[in-house]
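Please read the structure below before turning to the comments.
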Amino acid sequence: MTQNPLPKHRTAYVNARLLDPASGLDAPGALLAEDGRITDLGPDLFKDGVPEGLQKVDCAGACLAPGLVDMRVQIREPGEEHKETMDSAGRAAAAGGVTSMVGLPNTDPVIDDVAGVEFIARRAREVKGVKVYTYAALTRNLEGREITEMGLLAKNGAVAFTDGLKAVENAQVMRRALAYAKTFGLLIVQHPEEPSLAGGAMNGGELSTRLGLAGIPKLAEVMMIERDLRLVEMTGGRYHAAHISTAESVEAIRRAKARGLDVTCDTAPHYFALNEIAVGDYRTFAKVSPPLRSEDDRQAILEGVADGTIDAIASDHSPHDVESKRLPFAIAEPGIVGLETLLPLSLQVYHGGKAGLLDLLARLTVKPAEILGLKAGRLAKGAPADLLIFHLDRGWKIQPENFASKSKNTPFEGLPVQGRVQRTVVDGRALYQAA
């Protein structure tokens, strides 16, 4: 006795502005998703109407793009669930149009073994929200001395290797890590900051002196990058500089790419949306690591995003509870929440005329996916139906009290922005729908 196949879950997205940075598509049209995958799309799809039996979503002229791929998120689970959990981070991601996020390994316990990697994968399956990937620690317990079993960790799901908020200080350890990772084709991600110069609370300079705060010299960042680039030359390894913040770093990466080194980098929206003046009268919500820099640096980061030197934009989502932030500036925890503001803050680059829309979206979708080897970030037949529908020009004000994140630590409260998420879809399932 033959059984009838289960009916397919089929959804037609019509009246959309299709945006696919990978192929250069920017045209009105429609998209068909079946059982979690894209099966067709284009300007001519459903031009004679949507057949019966399909669920229809009318985009009403809104943009339909691949879901965002956020390559730098602190999920806080396990160990600090009072700040964020897999569930709350997933809901915040969906509200921000993020369909794939990659968590740092600086949890408690540290993700430096197979059990930790498997825990993240299991929790993501239980939550059934956005797609969650994880980095594994580059060195055991993030101590910077003994490299982890990268080959085994990658085989079990780790997408790349980093010590998170810590730079690998020892050059010999970094050299060994790059050489070992090269044998498996793996990526090393560095927090670029010379540790011996990183004891301050904000960007070093006139403002830090006036505020009486210990400063972190901007050259601490490029010093680490330039050392690491020499090690990349020596080993032929793959290297990624995370959340760069200075003009000198942009130029160092630009020169390295011109020399043909296998080097990429990302930044976060606060490094092109704010400068050190945001610290104001000791505003701890503007304390981040690396710190906010000068206006010249902010402009250089903008140019790096615009010309492609900076490959990706990540939220650098760092949730903290009130008790961690409402402290004297010098001892307050660094970091801001960013999942729900990643899209509108990034779109400032487009609205300001610095980059084309597809180029800007590429930094948020296909580029981070390619860096980490993820099957994400594209509108293409056969690709996962991870979709973002958003209104490009719709204005709103950032209101932290409305965040899905457990933590509300943002310096952007009350900021008018353009670009509003309407719907977020993961594997064909609508996880977020704006009211």
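Okay, here's what the table says:
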item	result
Nearest 10 degrees, 0 to 90: helix 342-351 Cα axis against the chain principal axis	90 degrees
Pairwise FRET efficiency - Glu401 versus Asp48, Cβ, R0 = 51 Å, nearest 0.05	0.65
Distance-filtered residues of segment 64-87 - backbone nitrogen under 17 Å, label point 7 angstrom along Glu143 Cα→Cβ	none
Zone residues, segment 149-169, relative to Thr183, backbone N less than 15 Å from point 7 Å out along Cα-to-Cβ	149-155
Mean Cβ neighbour count within 10 Å, used as a protection proxy, ranking 284-291, 186-193 highest first	186-193, 284-291
Summed side-chain charge close to Glu333 - residues other than Glu333 whose Cβ falls under 10 Å, Lys, Arg +1, Asp, Glu -1	+1
Lys, Arg +1 and Asp, Glu -1 on Cβ, resulting dipole of the chain about Cα centre, debye, nearest 20	600 debye
Dipole-positive endmost among Ala241, Thr85, Ile331 within the chain (Cβ charges, Cα centre)	Thr85
Rounded tilt (10° steps) of 247-258 against the dominant C-alpha axis of the chain	70 degrees
The chain: calculated mean residue ellipticity at 222 nm from DSSP helix runs of at least 4, using -39500 (n - 2.57)	-8500 deg cm²/dmol
Ranked packing of 246-253, 310-317, 398-405, most packed first, by mean Cβ within 10 Å	310-317, 246-253, 398-405
Lysines whose Cα lies under 18 Å from that of Lys287, excluding same-chain neighbours fewer than 8 positions away	Lys83, Lys166, Lys218, Lys325, Lys408
Tilt relative to the chain, helix 86-95 - C-alpha long axis, 0 to 90 degrees, to 10	70 degrees
Of all DSSP beta bridges in segment 40-149, antiparallel share, percent nearest 5	10 percent
Neighbourhood net charge (15 Å Cβ-Cβ; Lys/Arg +1, Asp/Glu -1) for Ile244	-4
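Values in this text are rule-based calculations from the coordinates and carry no lab data. These numbers were taken from a predicted model, which means no experiment stands behind them. Note that we place each Cβ from the backbone using ideal geometry, even for glycine, and neighbour counts take in every protein chain shown.
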